[in-house]
Each structure stands twice: as structure tokens, then as C-alpha cells.
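The values are calculated or read from the model by the stated rules, or taken from the named source; none is laboratory data. Note that the structure is a prediction, hence the values are computed from the model and not measured. With ideal geometry, Cβ positions are generated from the backbone for all residues, glycine too; neighbour counts draw on all protein chains shown.
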Amino acid sequence: MSRFITAAEASELIKDEMTVAIGGFGAYGGPDGLMQALRDRFDETGSPRNITTVSGISPGDNTRNMVGMNRIAKEGLIKAAIAGHFGNPPLLSELAASNKIAAFPIPLGVVVHLFRAIAARQPGYITNVGLNTYADPRNEGCKINDKARESGREIVRLMEIDGKEYLFYHSFKIDACLIRGDMADEDGNICLKKDALHNNEAEIAEATHNCGGIVICQVEETVKNGTLLGRDVNIHNSIVDYVVKVPRELSRQGYAQEGYHPELSGETIIPTDEIEPMPLNVRKVIARRSAMELSQNCVINLGIGLPSGVGNVANEEGISSLLSMESGPLGGVPVEGVGFGAAINPEMIIPVSDVFDMYDGGYLDVTFLGGAEIDKKGNVNVSMFGPRCTGPGGFINITQNTPKIYFLATFTAGKTELEIADGELRIHKDGSIKKFVDKVQQITFSADYARKSGQEVGYITERAVFKLTETGIMLTEIAPGVDLEKDILDKMDFVPEIAEDLAIMDPRLFKPEVMGIASEIS
């Protein structure tokens, strides 16, 4: 049976040099009350010092606000961070970029499967995920700054089984974890039913408990024994050491919205015709062109940013597809912006580790992901820019195990003036930063791996569409109203292959009315 203590008392349980797992997923499920208490103790006493944090999509709202792991992103408090993604709490990412902590970004699916491996006392996790990318020890081995390289810590090694290459990610001891639930009963059974995501709180608790570590869970509400039915209990009190009740403002359902939204947790359903269509802009053009690659009743995954708009367009066009998000929702319409990761009207919410079991096994038919840098070989970088590292999230798991992959990006970055009118794209001022470069800074998607795997790969922008070939990428479509030389080739660091039957992108992409493509999709 768990003990109930205060957040301040919980912070005293975290000692110098501990490895501490942090629950939550981006905008959802962050244990803010526990992290704030830990930061308060550090500011007052200088302790604990030099902890190593382990997280999936590190909780935060993409701002420097004191939410999520921004609360504990402090030099001296954190010595090292292992995470699937650092970007949501920018202060944590800045510590890594400035070499103030050792930073080890590893694929999200590997993080969540490592929790299970650690819980089972296995030596590590064997997978194809990460081969030929920056995670491969022949490249960077998940060490992205000098402190990581100088630490002597080996995250991953290359191995061979029956003539095939794999990566082996090492298990490690977890000394404590800080996680979040909605409510706890008097015995300390934890319920997550009001969460938009189920994250990996149970797996983190199991791994920590089986390491002999301390499991600390914050909740917003406590209820009498017998209130929670067995089916409502997500984490049993036998693996929870301490429960901390925190104020509502430190236990929000999500950072993107105030209050409780039952349509995100699956408790209620709202009409999807209440979901506003996207305005006609560059983002919608890209989402529309992407939606043309859907087939009826396919299983799709959408990444954050531009790809999240594909779901909105599919809803507007009446295309029947099943959305699966790496964060757990199956079905529904994805929330965009800061609230990405949840879905409106999910049919089911799956633990993240189960999602990646399915993804790694080939569950998805097609995925749409971002593409910040694309090079002449077809490699894509979404994880590191200059010294700034965000990490890959689920990007590597998804791209190495899905048969059809589309990378979505604006053609250039920087200040632009683009006009969509009369079925054309007009470029009055272009961005100064090229996205199609000679060589990406970091390989998050390996084109060579995709070629060997026989995957179909496309690159979709507002003015041009490309596909992966045996030697590089080929330009297959250009937008009406743009000039091939001035607006496309002059804005690339390399000359792509150009299709003999180079086509004009469908003019309907650039008109305000519904395209009516549902009847054209098989």
C-alpha cells in the first residue's frame, strides 16, 4: 500500500547522482507538481545535484514557460538526459545545445521498449530501429554533444544475428520516477481515465519498482477505497511507493487547453462537423497534396506540424482512413499545434509501448512526417540543427517500418510572401534558407536503408513533389504559377533528377472549395 506525502517530502527522496525517469508525453501528463517541488528544493538547498533524467517525449509546451521539464532544466540539477525528444521543453534542449549536460537522444520506440526490458531485468533491447541513422554507433551512437561523447557512456552497439545487422540498446538502473495520474484511492491505486494519453506511466513504474527504485506519483484527486473499479486502475498500489496530491493548476490534462476535455480522453464524442476546416494557405496545399496519397480505409500515422493537417483535410474531404498516433490515440481527428499528440473522438487510446510494438511490426500503411532538411541522397534530418538537438521522437521507428513514407515541408524557410489565387501559387518573396541541401547535418531518415527495404518514399512541398530513386530524388510535379529554374532549382543546393513526364500539381489544391477527391481514391 502506498504512502501519501507532500510534494516537498517527495523531493527529499531524490538524491544526488540518481537516474530519474519522468512521465508524460509532450503537452500531456507531465508531473508538474513533483518537478516544481524538485526545482524549489534545488534552488533553496543546491540539492539534488547531477541527476540523469530519462523521458520519452519530454513534457513541455514548446515555450520557455515554467511548465513540464522546463521546471527542472537547470545546470547542476541535471547532469545528463536520455530522451526520445528534447524540444517540447526548450530549456532542456538549450542545456544540451550549450553542452551543459550530456545529451543522448534515442528513438522514442526504443525508450518505451527499454522501460519494459528494464522491468523484466533484461540486458537491453534489440531492434533494427536506428540502423544507418545518427543512432548507429558507426555514426554518432546517440551522442550529440561533447559531454555525451566524453562521458564514457555507451548507449547502443551494433550486433549481428543470423547474418543480419541489429542495434542493441543497453538497459540501465532507474533509481526513482516521477509520474502523474488523475486520481488515487486510499490504498494508492492509480487511475488515468481522464488523461488524453496513457503514455508509459505503468511501464515506467514497473521498471523503477523492479530496479529497487522509488515510484512517486502525483494525482489531482483522491477517492475512497471501492470508488475505483478494477478496470479503472492503471497502476496497482503494490508498485507505487508514494502518492502526492497536487493543486489542479499543476495537474492539467494538457498544456494547450484549460480544464478537462472529455472528447480527448474518449469519455464523450463531439460532432466532427464542428471541427473547422483549415484556411486555404501553403499549409493546406501541402496537406491536400498529401491526402491525395491516401487510400480508403488505410491506417495512417501523422507527425507533428505540417503532417497533422492531413487529418483535417481527410475529415473535410470525407476520406475514410484510420488515424494512428505514436502517442496512443487510434481513430479520431488529431489536435493541432501545442496540443498535438491527442485526438478528438479517439476510438481507443493505447499505451505508447503497445503502439510501437505494432509500428515496428509493420502495422501502418502510410505515414506523413516533417522534413526539415533533405539532401541529394534523399536523407532527411528532423533532429539536429547547428548545436540545437530536439531528438527524433518516433520518427525513426516509423520511417524504418512503414511501406509508404511522405515527408512534408515548405520548400524554403525564412520570411516568405506566397499568394494562392486563381488555382496558382505566386511567389512574391521567397525564404532565404534552403531546405534541400547537399548533405544533411544529421541523418534521422536513411535513404539507403529505405532503398534496401523497398519502401516507397515521397517529398511533398507547396511548389514541388519529389520521389526517392535508386540514386537520389526525382522532381515529379511542380505547382502551377511557379518557374522551374527560378523558384525550384535555384533554391536547391543540388540538381535533382527531373521526370521526363514532369507534371503540374492539381489546380484544385490551390482553390478554396472542397476538392472532392474522396471518390477518386480507391
Selection from segment 273-301 of residues touching a strand residue (DSSP E or B) at 6+ places or on another chain (Cβ under 6 Å) and in a helix (DSSP H, G or I) yields Val282, Ile286, Arg289, Ser290
Taking segment 239-254 only, how many residues are outside any strand (DSSP E or B) and in contact (Cβ under 8 Å) with a residue 60 or more places away in the chain?
8
Just give me the residues in segment 327-372 being within 23 Å of Leu167 (Cβ to Cβ), of a type in the set (Asp, Glu) and either in the same structural domain as Leu192 (by TED's automatic domain parsing) or in contact with a strand residue (DSSP E or B) (Cβ under 8 Å, 6 or more places away or on another chain) (or both), in sequence order.
Asp360
Candidate set from segment 202-237 (those that are within 16 Å of Met18 (Cα to Cα) and either part of a strand (DSSP E or B) or not assigned by TED's automatic domain parsing to the domain that holds Ala7 (or both)); member that is farthest from the chain's Cα centre (by Cα)
Ile214
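In segment 253-286, which residues are hydroxyl-bearing (Ser, Thr, Tyr) and under 24 Å from Gly318 (Cα atoms)? Give the steps one after another, and end with the answer.
Residues of segment 253-286 that are hydroxyl-bearing (Ser, Thr, Tyr), as a first pass: 255, 260, 265, 268, 272.
Result: Ser265, Thr268, Thr272.
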Looking for something assigned to a strand (DSSP E or B), surrounded by 23 or more Cβ atoms within 10 Å (Cβ to Cβ) and among the aliphatic types (A, V, I, L, M) - is there at least one such residue anywhere in segment 324-340?
no
I'd like the full set of residues that are within 23 Å of Gly341 (Cβ to Cβ) and part of a loop (DSSP other than H, G, I, E, B), limited to segment 396-407.
Gln400, Asn401, Thr402
For segment 49-80, enumerate the residues that are under 16 Å from the mean Cα position of the chain (by Cα) and assigned to a strand (DSSP E or B).
Val54, Ser55, Gly56, Ile57
Of all residues being of a type in the set (S, T, N, Q) and in a loop (DSSP other than H, G, I, E, B) in segment 361-395, which is surrounded by the most Cβ atoms within 10 Å (Cβ to Cβ)? Just the residue, please.
Ser383
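Could you please find all residues in segment 477-506 being more than 34 Å from the chain's Cα centre (by Cα) and in contact (Cβ under 8 Å) with a residue 40 or more places away in the chain? Write out each step before concluding.
Keep residues of segment 477-506 that are more than 34 Å from the chain's Cα centre (by Cα), which gives 481, 483-486, 500-502.
Hit for segment 477-506 is Gly481, nothing else.
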So Lys224 clears everything in (1) in contact (Cβ under 8 Å) with a residue 12 or more places away in the chain; (2) touching a helix residue (DSSP H, G or I) at 6+ places or on another chain (Cβ under 8 Å); (3) surrounded by fewer than 16 Cβ atoms within 10 Å (Cβ to Cβ) except one condition, right? Which one?
(2)
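Report, by residue number, each residue of segment 81-122 that is of a type in the set (S, T, N, Q), in a loop (DSSP other than H, G, I, E, B) and surrounded by 24 or more Cβ atoms within 10 Å (Cβ to Cβ). Can you show your working first?
Initial filter on segment 81-122 (of a type in the set (S, T, N, Q)): 88, 93, 98-99, 122.
Among the residues that remain, those that are also in a loop (DSSP other than H, G, I, E, B) are: 88, 98-99, 122.
Across segment 81-122, the qualifying residue is only Asn88.
Going residue by residue through segment 237-259, is there one that turns out to be of a type in the set (Lys, Arg) and closer than 25 Å to Val366 by Cα?
No: zero hits.
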Restricting attention to segment 291-310, the residues that are crowded, with 24+ Cβ neighbours inside 10 Å, over 16 Å from Ile460 (Cα atoms) and among the small types (Gly, Ala, Ser) number exactly 0
Can you list residue pairs whose Cβ atoms sit under 7 Å apart, with the first residue in segment 446-460 being in contact (Cβ under 8 Å) with a residue 40 or more places away in the chain and the second being β-branched (Val, Ile, Thr) and part of a loop (DSSP other than H, G, I, E, B)? Count only pairs 6 or more apart in sequence or on different chains.
Ser446/Thr133
Write out, first by first residue and then by second, each pair whose Cβ atoms fall under 8 Å of each other, whose residues are 6+ apart or on separate chains, and whose first residue, in segment 180-200, is assigned by TED's automatic domain parsing to the domain that holds Met69 while the second is of a type in the set (S, T, N, Q) and in a strand (DSSP E or B).
Arg180/Gln218; Gly181/Gln218; Met183/Thr222; Ala184/Thr222; Asp185/Thr222; Glu186/Thr222
Keeping to segment 150-196, report how many residues are part of a loop (DSSP other than H, G, I, E, B), farther than 30 Å from Gln253 by Cβ and β-branched (Val, Ile, Thr).
1
For segment 76-101, what are the residues that are touching an Asp or Glu at 6+ places or on another chain (Cβ under 8 Å) and more than 23 Å from Asn397 (Cβ to Cβ)?
Lys79, Leu95, Asn99, Lys100, Ile101
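So which residues in segment 123-149 are of a type in the set (Ser, Thr, Tyr) and not in a loop (DSSP other than H, G, I, E, B)? First the steps, then the outcome.
Taking segment 123-149 and keeping what is of a type in the set (Ser, Thr, Tyr), we get 125, 127, 133-134.
Result: Tyr125, Thr127.
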